[in-house]
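A.B. asks: Here's a structure for you.
Readers should treat all values here as calculations from the given coordinates under stated rules, not as data from a laboratory. None of the values given here were measured: they were computed from a predicted structure. Cβ atoms come from the backbone with ideal geometry, glycine included; neighbour counts cover every protein chain shown.
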Amino acid sequence: MKWDGHTHSQFCKHGSGEDTALMIERAILLGFDRYSVVEHAPLPDGIIEDPEIRRDFGLNWEELEDYFSHLDELKRVYGRRIEILSGLEIDFFAGMESFTAELVDACSGKLDDVILSLHFIQGKDRFQALDYQPDVFEKALLDYYGTIDEVHRAYWRALEHMIDTGLRLPSTKRIGHLGLINKFAGLFEKPADEIRSITFFEPLFRKIKSKGWALDFNVAGLNQKWYQDLYLTAPMLFWIAKLNIDLVYGSDAHRVEAVGQYYDRFLKFTKN
Ligand SMILES: [Zn+2]
Ligand SMILES: [Zn+2]
């Protein structure tokens, strides 16, 4: 089963704006059997004050209906050639689980697939995006926590919290781009070896396995300006292989050309 489990759509304001249909046609051309469209879900109020900036981060509540009708239409047009899963990439906010539960309920019956992602952790004054801009990372997270080690520890703690949540999600659900904390790695000091070790990750990955989570084998890290590697680092891949954790390839495409990118990396890992 060749599956691109993480793609965005023409609804995404920080993507290319290209038609979702063209992205799906690209996936068909590349021989994909299954294709998940997981647009960024609406954020809770108060996370991003400026409505214009907020619009860049994810769908508005009012757009959800149009978004799902758009996907229904694409299923009608392409459904015989590729299985399309309609989904959302939902942000997790520690302590705001009721918002997430409400969102999932509001979309019930529409969600074939969900990616739960951690893009925000507690930082200066509020939740702060860890992958938005380097200066936000520096001023709102690094300065707030004091050291890069503490930022990483906060990220992994928040993830552990996320893994423990008892959210009722569809049967296909994954944790998005684990290791996203490294997106600007090239700009900052490296965290201590201990925080990047096989030993450090053991409890986390055992928990992922025991709670039945699958992981997004997200290749977007390979294309970043300050990071050119998989977000899943070697110690994480060690535990994934050892514990046999389910993995789904994710291009994280925000434009046609990125659909299916680096699929060979996924094949290479899963065949070993
Ligand atoms: Zn995006
Ligand atoms: Zn994401």
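A.B. asks: Which of rounded, prolate or oblate describes segment 72-209 when judged by the alpha-carbon gyration tensor and an a/c cut-off of 1.5?
C.D. replies: Because a/c hits 1.5 or more and a/b exceeds b/c, segment 72-209 counts as prolate.
A.B. asks: What pairs from 139/190; 183/271; 183/209; 75/242 go past 29 Å between their alpha carbons?
C.D. replies: With Cα atoms farther than 29 Å apart: 75/242.
A.B. asks: Continuing with the same structure: Treating the beta-carbon of each Lys and Arg as +1 and of each Asp and Glu as -1, no other charges, what is the dipole magnitude of segment 163-240 about its Cα centre, to the nearest 20 debye?
C.D. replies: I would put it at about 380 debye.
A.B. asks: Let me know the charge dipole size of segment 1-106 about its Cα centre in debye, to the nearest 20, where only the beta-carbon of Lys, Arg (+1) and Asp, Glu (-1) is charged.
C.D. replies: 740 debye
A.B. asks: At what distance in nm do the modelled label points of residue 65 and residue 187 sit from each other, each positioned 7 Å from its Cα along Cα→Cβ?
C.D. replies: Between residue 65 and residue 187, the label points sit 4.0 nm apart.
A.B. asks: Trypsin sites (Lys or Arg not before Pro), restricted to segment 45-80: which are DSSP loop and have at most 14 other Cβ atoms within 10 Å?
C.D. replies: 80
A.B. asks: What's the longest uninterrupted piece of the chain once you rule out the GluC sites (Glu not before Pro) that are loop residues per DSSP with at most 13 other Cβ within 10 Å?
C.D. replies: Excluding the exposed sites themselves, the longest stretch runs over 50-188.
A.B. asks: With unit charges on the beta carbons (Lys and Arg positive, Asp and Glu negative) and the dipole taken about the Cα centre of the chain, which residue among 103, 130, 116 sits farthest to the positive side?
C.D. replies: Working it through, the farthest residue towards the positive pole turns out to be 116.
A.B. asks: Quick check: from the Cα gyration tensor, does segment 153-272 come out rounded (a/c under 1.5), prolate or oblate?
C.D. replies: rounded
A.B. asks: Which net charge results for the neighbourhood of residue 153, defined as the other residues with beta-carbon distances under 11 angstrom from its beta-carbon, given Lys and Arg at +1 and Asp and Glu at -1?
C.D. replies: -3
A.B. asks: How much length, in nm to one decimal, is gained on full extension between residue 45 and residue 138, taken as 0.36 nm per residue of separation minus their Cα-Cα distance?
C.D. replies: Residue separation times 0.36 nm, minus the Cα-Cα distance, leaves 31.1 nm.
A.B. asks: What net charge is computed for the residues neighbouring residue 218, neighbours being all others with C-beta under 10 Å from the C-beta of residue 218, Lys and Arg scored +1, Asp and Glu -1?
C.D. replies: -1
A.B. asks: In whole angstrom, note down how far apart the Cα centers of segment 167-185 and segment 187-240 are.
C.D. replies: 11 Å
A.B. asks: What is the ratio of the Cα radius of gyration of the chain to 2.2 N^0.38 Å, where N is its residue count, to two decimals?
C.D. replies: It is 0.96.
A.B. asks: Can you list the residues, at least 5 places off or on another chain, whose amide H is less than 5 Å from the amide H of residue 91, using H built in the peptide plane?
C.D. replies: Placed amide hydrogens put 41, 117 under 5 Å from residue 91.
A.B. asks: Also, I was wondering about something else. Hey, with R₀ at 25 Å, roughly what FRET efficiency would residue 52 and residue 198 work out to, going by the Cβ-Cβ distance, to 0.05?
C.D. replies: With R0 = 25 Å, the Cβ-Cβ based efficiency is 0.05.
A.B. asks: Which ³J(HN,Hα) values, rounded to whole Hz and listed in residue order, are derived for segment 53-67 from phi using the Karplus coefficients 6.51, -1.76 and 1.60 in 6.51 cos²θ - 1.76 cosθ + 1.60 with θ = phi - 60°, glycine and proline given as x?
C.D. replies: Rounded to whole hertz, the list is 5, 4, 4, 5, 7, x, 4, 7, 3, 5, 8, 4, 5, 4, 4.
A.B. asks: I'd like the Karplus ³J(HN,Hα) series for segment 193-204: coefficients 6.51, -1.76, 1.60, θ = phi - 60°, whole numbers in Hz, and an x wherever there's a Gly or Pro.
C.D. replies: Computed from phi, the couplings for segment 193-204 are 3, 4, 6, 10, 8, 4, 4, 4, 7, 4, x, 4 Hz.
A.B. asks: While we're on this one: Largest first and to the nearest Å, give the Cα extent of segment 1-158 along each principal axis.
C.D. replies: The principal-axis extents, from largest down, are 53, 30, 27 Å.
A.B. asks: Run the dipole for segment 103-243 about the Cα centre, Lys and Arg Cβ at +1, Asp and Glu Cβ at -1, nothing else charged, and hand back the magnitude in debye, nearest 20.
C.D. replies: Charge dipole, segment 103-243, about its Cα centre: 440 debye, nearest 20.
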